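**Q** Structure below; questions to follow.
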Amino acid sequence: MLRVGLTGGLGSGKSTVAAFLRSLGAEVIEADELGRALMEPGQAVFAEIVRIFGSGVVGSDGRLNRARLAELAFQGGRVNELNAIVHPAVIAAQRLWMEQVFARNPAAVAVIESALIFEVERDARARGEEETVLADWRRRIDRVVVVTAPDEVKVARYAARLAQSGADPARAEADARVRLAHQIPDAVKAAKADYILENTGDRAALQAQVEALWLRLREESNNSLRDESLE
């Protein structure tokens with residue numbers, strides 16, 4: 001078995017890489033998807049967010065007003081408060097998911113797609129958490145893959161995606177830059193990564209990189225099983 005963290009800044013193309021890996025046979029889960037599920041009404045994360053940020057983040061439908069919450073978090077300088085609520089719950093859910101995957105298939109390559117693998121560690125240490133699983137990603141991930149792209153390309157991709165939903169292009173670009181400022185630069189992530197994928201926008205070239213990566217990950221997973229059989 002092999003636990004793989006797939007990360008990259010917003011607009012880097014990590015979701016495309018995740019889709020390629022899934023098509024090749026990897027088990028994939030998205031941290032954003034888990035976070036959204038945990039922030040639904042009735043969940044403990046939802047209740048804690050409302051307690052900390054106030055009832056003003058709840059929309060008329062009884063669900064979180066994500067735009068308002070994002071404004072408070074990113075524009076209001078409260079990102080760490082939000083992350084301290086959401087990240088532990090997401091990581092606990094990821095751990096449970098991986099346990100279920102490996103119970104079904106001990107040879108599986110389980111991929112967690114998350115923009116904030118390194119940022120979770122940084123923020124946990126900033127809060128003084130030196131010994132928790134949040135503060136050491138190597139305790140929960142065997143290999144980290146970083147998808148890189150120029151910052152201007154990331155901003156353009158993110159803004160274009162929001163524009164498809166009717167967002168104002170200028171506000172979408174500004175939002176992208178604020179979010180990107182909270183993320184660790186690619187060069188720093190790449191220095192800590194096991195594998196690096198460069199996404200220049202050429203889909204075929206990116207797919208070729210992923211296919212080569214997949215062969216390596218499968219080999220490492222098989223080697224892990226052989227090592228365990230010798231213990």
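The values are calculated or read from the model by the stated rules, or taken from the named source; none is laboratory data. Note that the structure is predicted; figures quoted are calculated from it, not measured. Note that each Cβ is placed from the backbone with ideal geometry, even for glycine, and that neighbours are counted across all protein chains shown. These accessible areas exclude ligands, DNA and RNA; they are computed on the full protein's heavy atoms, side chains included. Shrake-Rupley method; radii C 1.70, N 1.55, O 1.52, S 1.80 Å.
**Q** Per DSSP H run of n ≥ 4, the term is -39500 (n - 2.57); total these for the chain, divide by its residue number, and report the mean residue ellipticity at 222 nm rounded to 500 deg cm²/dmol. The partial results should precede the final answer.
**A** Working: 10 runs with 130 residues, N = 231.
Dividing the helical sum by the residues of the chain leaves -18000 deg cm²/dmol.
**Q** Rounded to the nearest 5, what % of DSSP beta bridges with both residues in the chain are antiparallel? Write down the numbers at each step before the final one.
**A** Working: 1 of 18 bridges.
In the chain, approximately 5 percent of DSSP beta bridges are antiparallel ones.
**Q** Say the dipole of the chain comes from +1 at the beta carbon of Lys and Arg and -1 at that of Asp and Glu; which of A212, H87, I49 then lies farthest toward its positive end?
**A** Farthest towards the positive pole: I49.
**Q** Here's another thing I want to ask about it. Note down the accessible area of D32, probe 1.4 Å, to the nearest 10 Å².
**A** That residue has around 100 Å² of solvent-accessible surface.
**Q** For the chain, with all protein chains present and a 1.4 Å probe, just round the carbon and sulfur fraction of the accessible area to a whole percent. Don't jump to the answer; show the numbers that get you there.
**A** Numbers: 6000 of 11690 Å².
Of the solvent-accessible surface of the chain, carbon and sulfur hold 51 percent.
**Q** Looking at region 1-127 from every direction and averaging, what is the projected area of its Cα convex hull in nm²? Before the final figure, lay out the partial values.
**A** Working: hull surface 34.9 nm².
Averaged projected area of region 1-127's Cα convex hull equals 8.7 nm².
**Q** Something else: Rg over Rh of region 122-165, using C-alpha atoms and the Kirkwood radius, what does it come to?
**A** Numbers: Rg = 16.1 Å, Rh = 13.4 Å.
Rounded to two decimals, Rg over Rh is 1.21.
**Q** A further question follows. Report the percentage of all Cα-Cα pairs in the chain whose separation exceeds 28 Å, rounded to a whole percent. Please list the in-between numbers first.
**A** On the way: 8919 of 26565 pairs.
Summing the P(r) tail past 28 Å for the chain gives 34 percent.
**Q** Still on this structure, I have one more. Mind grabbing the base-10 log of I(q)/I(0) for region 122-231 at q = 0.14, 0.19 Å⁻¹? Debye formula, identical points on the C-alpha positions, no solvent, two decimal places.
**A** -0.83, -1.13
**Q** Let me ask another. Kindly give Rg over Rh for region 7-53, based on alpha-carbon atoms, with the Kirkwood expression for the hydrodynamic radius. If you can, show how the numbers build up before the last one.
**A** Working: Rg = 14.5 Å, Rh = 12.6 Å.
For region 7-53, the value is 1.15.
**Q** Let me ask something additional. Quick one: check the C-alpha center-to-center distance for region 47-92 versus region 110-184, whole angstrom.
**A** Rounded to whole Å, the Cα centres lie 17 Å apart.
**Q** While we're here: R0 = 30 Å: FRET efficiency of A208 with D136, Cβ-based, nearest 0.05? Intermediate results must be reported in sequence, preceding the final value.
**A** Numbers: r = 33 Å, r/R0 = 1.10.
The calculated FRET efficiency here is 0.35.
**Q** With label points built 7 Å along Cα→Cβ from the Cα atoms of A84 and L215, find their separation and express it in nm.
**A** Using points 7 Å along Cα→Cβ, the separation is 4.8 nm.
**Q** In addition: Using the crude model of +1 on Lys and Arg Cβ and -1 on Asp and Glu Cβ, and no other charge, please compute the dipole size for region 1-97 relative to its Cα centre, in debye to 20. Numbers along the way, then the final one.
**A** Numbers: 10 positive and 9 negative charges, 21 e Å.
Here region 1-97 has a charge dipole of around 100 debye.
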